[in-house]
Amino acid sequence: MLLLIFLECLVCLFIWWRGVAIAVGNQPQHRSWDMVQRQRRAGWVRNELEQRPWWWLMLSGLMLLVLADWFTDTWAQRPRRAAILWTIGMSIVLVVVVALTEHFGWGIKPIKV
């Protein structure tokens with residue numbers, strides 16, 4: 001249950017951090033570095049998937065099996081089931097709030113001096 005609470009706090013931290021980044025404003029000196037990093041990461045992923053597609057497919061299948069096994073074991077325990085449902089519900093609320101914020105333009109805007 002603590003792991004689920006930690007994940008919720010981590011999501012809220014990431015959303016807060018994005019708001020801080022927007023509030024600070026556009027910083028062009030970092031933008032080019034971010035673009036280079038993004039392109040490098042995308043190139044690595046593309047190269048890995050082209051070179052070893054079956055290996056990654058099997059690894060992702062194994063990860064899904066482990067996740068499904070963990071989920072079924074956890075779902076059988078009543079307090080954990082409540083925690084899982086709470087986390088799913090709060091995630092849905094968070095997605096709706098973010099979608100409405102973006103739709104109506106209520107986001108944090110940088111302060112112009």
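The values are calculated or read from the model by the stated rules, or taken from the named source; none is laboratory data. Being a predicted model, the structure only gives us computed values, none of them experimental. Glycine also receives a Cβ, built like all others from the backbone with ideal geometry; neighbour counts cover every protein chain displayed. Side chains are part of the model used for accessible areas, which takes the heavy atoms of the whole protein and leaves out ligands, DNA and RNA. Shrake-Rupley method; radii C 1.70, N 1.55, O 1.52, S 1.80 Å.
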Q. Does Leu62 satisfy being open to solvent by 90 Å² or more (accessible area, probe 1.4 Å) and either under 17 Å from Leu3 (Cβ atoms) or in contact with a Leu (Cβ under 8 Å, 6 or more places away or on another chain) (or both)?
A. no
Q. For region 99-113, what are the residues that are part of a helix (DSSP H, G or I) and in contact with a helix residue (DSSP H, G or I) (Cβ under 7 Å, 6 or more places away or on another chain)?
A. none
Q: Provide a single number: the residues in region 76-100 that are among the polar types (S, T, N, Q) and more than 18 Å from the chain's Cα centre (by Cα).
A: 1
**Q.** Count of residues meeting criterion [within 13 Å of Arg18 (Cβ to Cβ) and surrounded by 11 or more Cβ atoms within 10 Å (Cβ to Cβ)] in region 88-109
**A.** 5
Q) So which residues in region 68-84 are open to solvent by less than 100 Å² (accessible area, probe 1.4 Å) and free of Cβ contacts under 8 Å to residues at least 24 places away in the same chain, if there are any at all? A) Ala68, Asp69, Phe71, Thr72, Asp73, Thr74, Trp75, Ala76, Gln77, Arg81, Ala82
